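Here, each number is a calculation from the coordinates, and none is a lab measurement. Predicted, not measured: the structure shown is a model, and the values here were computed from it. Every residue, glycine among them, receives a Cβ derived from its backbone with ideal geometry; neighbour counts consider all protein chains shown.
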Amino acid sequence: MKLERLKEIVDTTVGYDIATKNRVREIVYSRYIFFKIAREQLKGLTTDVIGTALNRDHSTVIHGLNKIEHELKYNKTINNLYTAIKNKVNAELHNDDVADLTDIQYDDFITSLKEGYEKQIMELKYQIKALSQEATKPQNRLLEDIKNLNDNDILEFRETRLKPYLNMLKTRVKPKRIPQVIGARLR
């Protein structure tokens, strides 16, 4: 796959030309996604070559690669867009590989993909189950205690204990931290 084809995939997915001289956030993040996928999927390309494909400098590519990592962690919309584009690129890359296979090789290829995905699904299910059990231990105990109370007790607890506690948490002041100065000594 070439950079031009990757640009076409990104352009069609997002609905605009990512090479335009524009600083609109959506376009900028789409460029960053292009940089990341080009770096990951198209091995051996320098940041100069990737940047030239969008009329950008190598430093813009480096900045974009650093910035997109943060956005992928904390911005679900950007993460979903990245995943969608990456899936389209992967599908196209695998289609190129699959076109040269014989029927037997193709069946083996599909079987190995299926087994790999089934293994990943099982691992993810196990991880989800472990995390949900670990995360809900305190909540389960609290829910059991609440279930044993009648409605009047729950309302009284909410008004006399829970609301004041939540208000206290909202207004809690964090203590100031005084940095420690090392080196100078007073006599």
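Between Phe157, Thr12, Leu93, the Cα set farthest toward the positive side of the dipole of the chain (charges on each charged residue's Cβ, about the Cα centre) is that of Phe157.
As a rough guide to protection, the peptides 150-156, 83-89, 26-32 ranked by mean Cβ packing within 10 Å, highest first, stand as 26-32, 83-89, 150-156. Charges were assigned to the Cβ only: +1 to each Lys and Arg, -1 to each Asp and Glu. The resulting dipole of segment 103-170 about its Cα centre is roughly 560 debye.
Over all Cα atoms in segment 3-98, the spread is summed up by Rg and Dmax: 12.5, 39 Å.
Shown in residue order for segment 24-29 are the 3J(HN,Hα) couplings computed by the Karplus curve 6.51 cos²θ - 1.76 cosθ + 1.60 at θ = phi - 60°: 5, 3, 4, 5, 4, 5 Hz (x for Gly and Pro). Magnitude of the charge dipole for the chain, about its Cα centre and with charges confined to Cβ atoms of Lys, Arg (+1) and Asp, Glu (-1), is about 1920 debye.
Among the trypsin sites (Lys or Arg not before Pro) found in segment 132-175, those both in a DSSP coil and sparsely packed, with 11 or fewer other Cβ atoms within 10 Å of their Cβ, are Arg172. Each of Pro138, Leu65, Val49 was placed along the dipole of the chain (beta-carbon charges, centred on the mean Cα), and the one lying farthest toward the positive end is Pro138.
Note on the chain: Kirkwood radius taken over Cα pairs, Stokes-Einstein applied at 20 °C and 1.002 mPa s, translational D equal to 96 µm² s⁻¹.
Per-residue 3J(HN,Hα) values for segment 137-144, derived from phi via the Karplus relation 6.51 cos²θ - 1.76 cosθ + 1.60 with θ = phi - 60°, read 4, x, 5, 4, 5, 5, 4, 5 Hz in sequence order (x marks Gly and Pro).
A simple rule links phi to the HN-Hα coupling: the Karplus curve 6.51 cos²θ - 1.76 cosθ + 1.60 with θ = phi - 60°, which for segment 118-131 gives 4, 5, 5, 5, 4, 4, 5, 4, 5, 5, 5, 4, 5, 5 Hz, with x for Gly and Pro. Between the beta carbons of Thr77 and Ile178, assuming R0 = 35 Å, the FRET efficiency works out to 0.30 to the nearest 0.05. Build a GNM of the chain with springs between Cα atoms under 10 Å: which of Ala130, Ala53, Ala38 gets the top mean-square fluctuation? Ranking Ala130, Ala53, Ala38 by mean-square fluctuation puts Ala130 first. Counting neighbouring beta carbons within 10 Å and listing from fewest to most, the residues Tyr16, Tyr82 come out as Tyr16, Tyr82. Based on DSSP H segments of at least four residues, each scored -39500 (n - 2.57), the chain has a per-residue ellipticity at 222 nm of -24500 deg cm²/dmol.
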